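The structure appears right after this line, and notes come after that.
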Amino acid sequence: MKIEGRNAVLELLKTEKTVDKILMQKGAEKSAGRIFAMARQKNIRVQFAEERALDRESETGRHQGVIAYVSDYEYADLSLLLEKRETPRFVVVCDGVEDVHNLGSILRVAECAGADGVIIPKNKSAQVTGAVVRISEGAANHIAVVRVPGVNYAVDELKKAGYWVYGLEADGECLYDCDLTGDIALVVGGEDAGVSRLTREKCDKILSLPLKGNVNSLNASVALGIAAYEAVRQRR
C-alpha cells in the first residue's frame, strides 16, 4: 500500500508500523527535512527520484513529493473494542459509508475526539486504502479500525458488551438531550441511504441535530464531528 502526502507519511513514521521504503522527490529532503531525518533515524530506505516518477507512482495525484510503501493495512480485532476499560468507551460504526473522502474524514474526526476505534463492514463500504490514510491526515495510522462481516453483528456484540448504541439520523431525538457519558457507539449512515432499517431497529436510540437552515441534512463526517464533540464536552 502507498501512503502519500507529507503529513500522512509523517504520522506514519510516528508509529511502529513497518515501512518498506520512502520515495522522495529530489530536493525535497530540505523542505520535508523532518520526514527525511525520521526515516534515516529508523533506518528506512529513502529513494530519490524526479517529480515525474512520483507522478507515475502516485494513486491520488497529491503526493507532495513523498510516497511511503507499507504492507497492506492491518485491521484490528473486534475483541479489542469489547474489552472493559476504566474509562468510558467510545466507538464509531460506519454503516454503508462508501466514499473514501467521507471515511477518511470520519477516521480523522474519531481519532481527534479520542474514540477507541472505528468499525466498518467488509462489503458495501469504503476500505482503508492509501487515499483514505492521506485524507485522514494520518489519523488512520493512530486509531484502531475493525472490519466486520456485517454492521448488525457488530452492533449486537457491542450491546452485549455494555455499549449504548446511538444512530445518527435526521428524525431522531435531539442529540443535546442524550447522556453520552457512558460506553457509547455512534452509528453513521451512508451517503445516500443513511443508517439501514435493521440497524436503526437495533439501535437504543436515534439521535439528530437541530437543523435551522433550508438544507435537511449534514455530511456524515460533519454530523459525526458534532456528535463526537458533544460526547467529549459531556465527559469533561
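The values are calculated or read from the model by the stated rules, or taken from the named source; none is laboratory data. Please read these numbers as outputs of a predicted model, since none were measured by experiment. Here the Cβ is made from the backbone with ideal geometry for all residues, glycine too, and neighbour counts use every protein chain on show. SASA here: full protein model, heavy atoms, side chains in, ligands and nucleic acids out. Shrake-Rupley method; radii C 1.70, N 1.55, O 1.52, S 1.80 Å.
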Without any contact (Cβ under 8 Å) to a residue 60 or more places away in the chain and more than 15 Å from S136 (Cα to Cα) - does that describe any residue in region 89-97? no
Filter region 122-177 for residues that are modelled with pLDDT of 95 or more, open to solvent by less than 50 Å² (accessible area, probe 1.4 Å), farther than 30 Å from V70 by Cβ and not aliphatic (A, V, I, L, M) and give the result. N152, G162, Y163, Y166, G167, C174
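Give the residues of region 4-24 that are open to solvent by less than 40 Å² (accessible area, probe 1.4 Å) and either part of a loop (DSSP other than H, G, I, E, B) or in contact with an Asp or Glu (Cβ under 9 Å, 6 or more places away or on another chain) (or both), sorted by residue number. Quick ask: steps written out before the conclusion?
Start the filter on region 4-24 by keeping residues that are open to solvent by less than 40 Å² (accessible area, probe 1.4 Å), which leaves 4-5, 8-13, 15, 19, 22-24.
Selection gives E4, G5, A8, E11, T15, L23.
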Return the only residue of Y166, Y176, Y153 being touching a helix residue (DSSP H, G or I) at 6+ places or on another chain (Cβ under 7 Å) and either outside any helix (DSSP H, G or I) or not charged (D, E, K, R) (or both). Y176
Just one of the numbered conditions (1) open to solvent by less than 80 Å² (accessible area, probe 1.4 Å); (2) more than 30 Å from Y166 (Cα to Cα); (3) part of a loop (DSSP other than H, G, I, E, B) is not true of Q64; which one? (1)
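Can you find, within region 196-236, the residue that is nearest to the chain's Cα centre (by Cα) among those that are of a type in the set (A, V, I, L, M) and open to solvent by less than 10 Å² (accessible area, probe 1.4 Å)?
Step one: of region 196-236, the residues of a type in the set (A, V, I, L, M) are 198, 206-207, 209, 211, 215, 218, 220, 222-224, 226-228, 231-232.
Checking which are open to solvent by less than 10 Å² (accessible area, probe 1.4 Å) leaves us with 207, 224, 227-228, 231.
On the way: L207: 21, L224: 11, A227: 15, A228: 13, A231: 17 Å.
The qualifying residue nearest to the chain's Cα centre (by Cα) is L224.
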Residues of region 125-150 that turn out to be of a type in the set (V, I, T) and either over 19 Å from the mean Cα position of the chain (by Cα) or not in a helix (DSSP H, G or I) (or both), as a count: 6
Quick one: would you say A227 is part of a helix (DSSP H, G or I) and at pLDDT 95 or above? yes
Identify the residue in region 81-101 that is at pLDDT below 95 and not in a loop (DSSP other than H, G, I, E, B) and, among all such residues, is nearest to V151 (Cα to Cα). V100
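So is E57 of a type in the set (D, E), surrounded by fewer than 17 Cβ atoms within 10 Å (Cβ to Cβ) and in contact (Cβ under 8 Å) with a residue 12 or more places away in the chain or not? Don't jump to the end; show me each part of the working.
On the way: of a type in the set (D, E): yes; surrounded by fewer than 17 Cβ atoms within 10 Å (Cβ to Cβ): yes; in contact (Cβ under 8 Å) with a residue 12 or more places away in the chain: yes.
So E57 passes the test.
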When you scan region 104-119, how many residues do you find that are open to solvent by less than 10 Å² (accessible area, probe 1.4 Å) and in contact with a strand residue (DSSP E or B) (Cβ under 7 Å, 6 or more places away or on another chain)? 6
So S217 passes all but one of these: (1) among the polar types (S, T, N, Q); (2) in a helix (DSSP H, G or I); (3) farther than 19 Å from R89 by Cα. Which condition number does it fail? (2)
Determine if region 32-54 includes at least one residue that is touching a residue at least 40 places away in the same chain (Cβ under 8 Å) and open to solvent by 20 Å² or more (accessible area, probe 1.4 Å). no
